[in-house]
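Values in this text are rule-based calculations from the coordinates and carry no lab data. All figures in this text were calculated on a predicted structure; none of them were measured in a lab. Neighbour counts run over all protein chains shown; Cβ positions are idealised from the backbone, glycine included.
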């Protein structure tokens, strides 16, 4: 079970079939594998050693895909970098992972002087763009991706001397929980997830998967290796924008792809939505954060030919733990079916899950506790952090830090990240539950519910809201609306209207940043 | 990747859904897993130790399925026995595998005195029938399956303390190549195959899979673990008969199943075929031996709602190496598509294949050589036969002994078992090629082409034929028919009409037995 084997198989079985569509670039599977073999060979030529780290500071492109196969095929370790990071944060990762090679897109060239200074162990910087873009480089001393490839002989892609338990990639967590940690995913981890994903999504060789969410994040990466496994095609959108997605839907006619909920929300709310032909799309996976039920219902209505699949997981699980299948996305069904829209679905075939109390004992159906999971897709550990690893993986079970309950049919309902849960007057408030109510208000475009310091209650519930243009909604009106549907202690005490809510590079709302403004200098007096 | 994990997952996700249909017995997934947990617990109560062997001398039944999960879940090793073996042959396997527990169906009770005598290490014999069948046991001292289960407490199925590289099953090869060998398949081997199979067959929870071919054989077993993985249902036919299959098609309405080619031939030729409703069937997998193209064409015509999938493999590969998908079963398509009907298909995602010359070097497209394969589904080795294992697996590659060529799109065409190939006057004749021509003759119901001793040519091509009733075909007529389509040296020199061709318990034609009659006392002077 090695990452490159999927591509090797596809290059034999789907030789002349389109594998890559990226602007003017289209490649067959034979060409894709051939170029990947050259990526691999070029690493050898640069003196890179097996096990060395090679990082990617790139937007979405077919070259990202080639590197996701070529680096592990060589036995080196890929390190996809969050493109939203500052040069200092990038340098932290480069040093933490002791990266030797950095592949870079032109947008990030301005970071180079600072990166070279802060990460002196960096040996090679490779400019991974079309040949015509060479001018962008200016005085920077870099190697050129296409030149490196052109210098290598034609040879078949192979993957010898690699063990399935070798680390294929180091995926740094967004740092939403303090210091960014390198998640070590092995070949077996990623390939197991690919099988789970391909089975659940029923990908086939007829699919064209659009990489529209950032490829550095495993929300998109969840499907990357699965699509290749069955010989589907990969289409690429360099960076997400609602119009960009709609345009590619019309021009490239993809059949499937992943969008995080905030992206779906933006696409559906695009004023020109109706002008685009989106009829090719059959399946949209979403994940990375919970999807407000109202947004989902809108999606089902506006994209009637689309089945929605929710995947719940995290980088540490390569990333999928559960899937709510298209069939279980019933809008206007029975009460149980409607309730399931709020669920992350059921454990995929190879994954075992439990909801446990703080002592690690399994809780009965319906009770909220921490989700723990095990399976062949669970990470090897955190890079150079044996203590963090030992805290996260105990007795073979990975402790997710997510609070959830299971129903009698083993559908899991994630109520909150443990750290996003608000404790007010001794009562637990799950921010997601409150957000789901607020999203039902017609004026709410986006919202985040957090706990802020409160002298009386320890924490108080606060909602941060981006209102729709010209909605004219007031704090009082929205609080009254929430009061109709929520127990008193769950209703936001205050509402703040903002122009924008801070998000991670993967589009995940950063509640920590919102909270930090209120908690500066204070200690949370609940645990 | 443990065999029981698939069932554990299904019992949570598909709790109240039908898992088993077998005559008057139907069980949900929760019940199936609950009974399997009792099978496991009862092994402990009998003093069976982890790693001990428990054999099954049973026809198809839901209890077979429970044992295929329960024995490995305990950490013991299942040994499915070919039901066509004589008591002496069974005793050979029982002794070779040092079997401690034997599960038995009533049809085989008469073997017990001889088995007890020849296999004295046997500790427990368990009668695996309904309670009402107890009378059949007579004076035999046996334990009763249902009594053992009834004595165990209700508890969830678990699988702790087992490693994925532990042996889950010993599958004895039919002995078509000399001494019967125990193929050691690990949990990982079987689960890898299950993923490959589920993906290729696109099994879903809506499928009802009919176990009509013998469950002791991995032709049927190829799908067993895959169907559970996705929450499909298992239907059982105790023993194959064409009418039995047609009846279950009508009554149980299965959607899919495996039949070996000779079975498909018998079902299609059943005089009452048209009287049965077979409309529920959507996908038939076939394998175990090559399918004459004429039979396949007839199947496509008579079962217009059915997609045919050919799987090529062997016990040593758990068993699938390649699949010719439904889409590639095009009758009346282009010349290339028609040609593909004779192909075993392409390597499944996790499998690598090569066609090599006798020195192990890969041969170019179109050239015939031996197929070698590697992947997570390749056996651990032969039980207690390190030398045979070392001959079969070299440098991580399994040498199949099958002669084949690949086309430019990596479709594999198995021309013959190496040992079934006839060498006449220095020319290689692939028996399958000649059989494919003979099957086009309207009088031929079944045939087998073998090499017989010949003073001039070393070997001469001989066809053994079961003619259709009242066809009145003659040897001369069929030879003349073959001459129109085959080069002179491939045309059978003689034809023998027989009432029946010897087959293995799995329905595979035993060419060795046919050959033995002619080669007794002679040495084959070709290699």
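Quick notes on this one:
- Span from the the stretch B:305-334 Cα centroid across to the the stretch B:44-106 one, whole angstrom: 30 Å
- Plainly put, the tip 7 Å out from Cα toward Cβ on residue B:484 is 8.2 nm from that tip on each other copy, the closest given first.
- The mean sequence distance of close C-alpha pairs (under 8 Å, at least 6 residues apart), as a share of the length of chain B, puts its relative contact order at 11 percent.
- What separates the residue B:151 label point from its copies, with the point 7 Å along Cα to Cβ, is 7.5 nm, written shortest first.
- Based on Cα contacts under 8 Å between residues 6+ apart, the stretch B:97-154 shows a relative contact order of 35 percent.
- Burial order of peptide ranges A:515-521, A:394-400, A:67-73 (average beta-carbon count within 10 Å, highest first): A:67-73, A:394-400, A:515-521
- Spin-label proximity, residue A:123 to the stretch A:4-40 - amide N less than 16 Å from point 7 Å beyond Cα toward beta carbon: A:40
- Angle between chain B longest axis and helix B:3-13 axis [Cα atoms, degrees, rounded to 10]: 70 degrees
- Order by protection proxy (mean Cβ within 10 Å, highest first), peptides A:378-386, B:479-487: A:378-386, B:479-487
- Copy-to-copy label separations for residue A:470, where each label sits 7 Å from Cα toward Cβ, in nm and ascending: 8.6
- Ratio Rg/Rh [Cα only; Rh per Kirkwood] for the stretch A:3-403: 0.96
- The two copies B and A are related by a rotation, and the chain B beta carbon nearest its axis, with distance in whole angstrom, is B:195, 2.
- Computed [θ] at 222 nm, deg cm²/dmol, chain B (DSSP H ≥ 4; -39,500 (n - 2.57); rounded to nearest 500): -9000 deg cm²/dmol
- On Cα atoms only, tilt of A:293-302 relative to the major axis of chain A in degrees: 60 degrees
- Considering only beta bridges that DSSP places wholly inside the protein assembly as shown, some 60 percent are antiparallel.
- Sorted peptide list for B:7-16, B:56-65, A:435-444, criterion being average Cβ within 10 angstrom, highest first: B:56-65, B:7-16, A:435-444
- Shielding value for A:343-351 is 4, the average number of Cβ atoms from other chains within 10 Å of each residue's Cβ.
- Among the residues of A:231-239, the average count of other protein chain beta-carbon atoms within 10 Å of the residue beta-carbon is 0.
- Peptide-level mean, for B:9-15, of C-beta atoms on other protein chains within 10 Å: 5
- Rounded, prolate or oblate (a/c below 1.5 giving rounded, otherwise prolate when a/b exceeds b/c) for the stretch B:417-516 by Cα gyration tensor: oblate
- Distance from the alpha carbon centroid of the stretch A:371-449 to that of the stretch B:362-392 works out to 47 angstrom.
- Considering only beta bridges that DSSP places wholly inside chain A, some 60 percent are antiparallel.
- Rel. contact order, % - alpha carbon contacts under 8 angstrom, at least six apart, the stretch B:401-527: 21 percent
- For the pair the stretch A:144-169 and the stretch B:210-248, the centres of their Cα atoms are 43 angstrom apart.
- Once the Cα atoms are used to define both axes, helix A:87-96 deviates from the longest principal axis of chain A by about 70 degrees.
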